[in-house]
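Here is the structure we will look at, set down as structure tokens.
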Amino acid sequence: MRVKCVICDEVGQLPDEAPLAKRLRNRPIHTYMCPSCSERISEKTVARIATGNFNFRRSSHSIEKNF
């Protein structure tokens, strides 16, 4: 299956039987991010959390209050 990264527009290949390929095929709302973009975003998120100015936004549902 051909996939395209939503951030850098890099085109890649996934095996048709891979769980990620099945998820993308069955649920079009899910998007693909290449490993390099995913790693870069996770590093920047960890750095933002380390500053202490990062707030997790949660919804106001009653389930979230118990979380």
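Scanning region 32-53 turns up at least one residue that is in contact with a strand residue (DSSP E or B) (Cβ under 8 Å, 6 or more places away or on another chain) and either at pLDDT 90 or above or outside any strand (DSSP E or B) (or both). The C-beta contact set for region 11-25 (first residue within 20 Å of residue 36 (Cβ to Cβ) and of a type in the set (S, T, N, Q), second residue exposed (fewer than 13 other Cβ atoms within 10 Å of the Cβ) and modelled with pLDDT of 90 or more, distance under 7 angstrom, 6+ apart or interchain) comprises 13/2.
The set of residues from region 5-30 being assigned to a loop (DSSP other than H, G, I, E, B) and of a type in the set (S, T, N, Q) is empty.
The values are calculated or read from the model by the stated rules, or taken from the named source; none is laboratory data. The model shown is predicted, which means the values in this text are computed figures rather than measured ones. Here Cβ is always computed from backbone atoms with ideal geometry, including for glycine, and neighbour counts include all displayed protein chains.
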